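Here's the structure we're looking at; comments come further down.
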Amino acid sequence: MWRELLAIGRHAGSGGYRRFAWTGADADCRAWFAAQAAARGLALEVDRNGNQWAWLGDPEAGGAVVTGSHLDSVPDGGAFDGPLGVVSSFAALDELLARGVTFTRPLAVVNFGDEEGARFGLACVGSRLTAGKLTVEDAHRLTDAAGTTLPRAMEAAGYDPDTIGPDPERLARVDAFVELHVEQGRALDLSGDPVGVAGAIWPHGRWRFDFRGEANHAGTTRLVDRHDPMLPYAETVLAARREARLAGAVATFGKISVEPNGVNAVPSLVRGWLDSRAEGGATLDAVVTAIEDEARTYATAHGVDLEVVRESFTPVVEFDHALRDELRRLLGTGRDAELRVPVLGTGAGHDAGILSGSVPTAMLFVRNPTGVSHSPAEHAAEDDCLAGVTALADALEGLACK
Ligand code: HGY
Ligand code: MN
Ligand code: MN
């Protein structure tokens, strides 16, 4: 199962994945998901927002236990972020069927679309729409770097953009959502545990900084006569690192676009995207406000205009305590009774975080020996992945079987 998925959307040059929403690679991932569902006789449903649900039992019966994750990636992402959760969900279902359990609830494996927001800039579009955390109007306005809007991209992929929107009836039929994910950090490597349970997700967001200056000739324009937007941008990148360090937060300018982007031209526009996260919302607000204030000072000093737009934001998520502790109890009494199950905070966003306002959600993390993620170097050991499948199977058995 894992090997079949590995080849999809992998870039030969970087070895990373380029599985962006509503592209060919996304369609191939969706076809893989549908094939896995068919191979197990699971009823495949595609919801109004394009999320795929593979059902065991009658979804109408209600009280469902749902597991799954996402298959899309960041540019040149790794093989595990998202796919490990989906593959492990099918594998855990196989494990339950092998155990001969009796299901007392419907069970589903889900693939949420566009979790990374790599193409349109907003994280978790599929789960946000279903949870009613993204308005249809705002979704229709999402536009990629080539100027293609989300509706046009969905149509090109054969989906009807006019059906998108909140799906409270669907979520009302879900009693618990459990997402398994590769850890994006080293807490489990440091604690020596193969599996952990999520405690909370830091608040996090994405802000676009547009520095507008004056295009000019790089060779003939005196330095004093320039309104070069690259300079306040550069000073802002350094200010972001300083503010984050002082506040114990994180801040990253990982994406930039320059117009006209010519070696011998002073730019007219420098666009930089800030990703910032902190353990608490007040800290995050203070860090981003400080960065923006300093950016304005730098822009003014260079005679450059600055516009800052918040493109994505996810408030702090505290996972459902009862479900979290139920998972720890279930995992703790599993085959490896000594299997300790640490509770981890994370700075990474997930669909489980988006859904936590609508249904009780929990997350399982699988050890990542280097902690590296959003990189082709992302890796998890097979034994740890198998421990994750067993843990997920134990959790699902405890929640959906007798
Ligand atoms: O950016 C994140 O936290 C997640 O990978 N979407
Ligand atoms: Mn990710
Ligand atoms: Mn992910």
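The values are calculated or read from the model by the stated rules, or taken from the named source; none is laboratory data. A quick note: this is a predicted structure, and the numbers were derived from the prediction, not measured. Every residue, glycine among them, receives a Cβ derived from its backbone with ideal geometry; neighbour counts consider all protein chains shown. Accessible surface areas use protein heavy atoms only, side chains included; no ligands, DNA or RNA. Shrake-Rupley method; radii C 1.70, N 1.55, O 1.52, S 1.80 Å.
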Legend entry - Three principal axis lengths of the stretch 209-313 [C-alpha, angstrom, descending]: 48, 22, 19
Inset, instruction - Just grab the label-to-label distance for D58 and A286, each label 7 Å out from Cα along the Cβ direction, in nm (one decimal). - result: 5.5 nm
Inset, instruction - Any chance you could get the radius of gyration and Dmax over the Cα atoms of the stretch 107-249, in Å? - result: 21.6, 68
Inset, instruction - Quick one: work out Rg over Rh on the C-alpha atoms of the chain, Rh as Kirkwood radius. - result: 1.01
Legend entry - For the stretch 209-313: accessible area per residue (Å², 1.4 Å): 54 Å²
Legend entry - Sequence-separation-based contact order of the stretch 149-249, relative, with Cα cut under 8 Å and 6+ spacing, percent: 12 percent
Inset, instruction - Can you work out the PRE-style zone for H321? Point 7 Å along Cα to Cβ, and I want the residues of the stretch 169-187 with backbone N under 15 Å. - result: none
Inset, instruction - Could you state the accessible area per residue of the stretch 52-201 in Å², with a 1.4 Å probe and every protein chain left in place? - result: 31 Å²
Inset, instruction - Measure out, as a whole number of angstrom, how far apart the alpha-carbon centroids of the stretch 348-371 and the stretch 152-194 sit. - result: 9 Å
Legend entry - Pair D94, V46: separation of 7 Å Cα→Cβ label points (nm): 2.5 nm
Legend entry - Dipole moment magnitude, nearest 20 debye, the chain about Cα centre, only Lys, Arg, Asp, Glu C-beta charged: 360 debye
Legend entry - Rounded percent of accessible protein surface that carbon and sulfur make up, the stretch 48-143, 1.4 Å probe: 50 percent
Legend entry - Rounded percent of accessible protein surface that carbon and sulfur make up, the stretch 247-402, 1.4 Å probe: 51 percent
Inset, instruction - May I ask you to rank K402, K255 by accessible area, largest first, using a 1.4 Å probe over the protein chains only? - result: K402, K255
Inset, instruction - Two decimals is fine: what's Rg over Rh for the stretch 1-158, C-alpha atoms, Kirkwood radius as Rh? - result: 0.98
Inset, instruction - Return a whole-number percent for the relative contact order of the stretch 343-402, with Cα pairs under 8 Å and 6 or more residues apart as the contact set. - result: 22 percent
Legend entry - Of all DSSP beta bridges in the chain, antiparallel share, percent nearest 5: 70 percent
Inset, instruction - Can you figure out the FRET efficiency of D28 with T220, using R₀ = 60 Å and their beta-carbon distance, to the nearest 0.05? - result: 0.75
Legend entry - Between the stretch 196-272 and the stretch 63-142, the alpha-carbon center distance in angstrom: 32 Å
Inset, instruction - With all protein chains present, calculate the accessible area of F313 using a 1.4 Å probe and round the result to the nearest 10 Å². - result: 50 Å²
Inset, instruction - Let me have the 222 nm mean residue ellipticity of the chain computed from DSSP H runs of 4+ only, each contributing -39500 (n - 2.57), with the sum over all residues rounded to the nearest 500. - result: -10500 deg cm²/dmol
Inset, instruction - With r as the distance between the Cβ atoms of A301 and A265 and R0 = 30 Å, compute the FRET efficiency 1/(1 + (r/R0)^6) and round to 0.05. - result: 0.90
Legend entry - Whether the stretch 86-133 is rounded, prolate or oblate, judged on the alpha carbon gyration tensor where a/c under 1.5 counts as rounded: oblate
Inset, instruction - Indicate the helices, whole DSSP H runs only, in the chain that combine a mean Kyte-Doolittle hydropathy of 0.0 or more with a Cα extent along their long axis of 15 angstrom or more. - result: 24-39, 83-99, 230-247, 281-301, 382-400
Legend entry - Cut-off under 5 Å, modelled amide H: who pairs with G371 long-range: G185
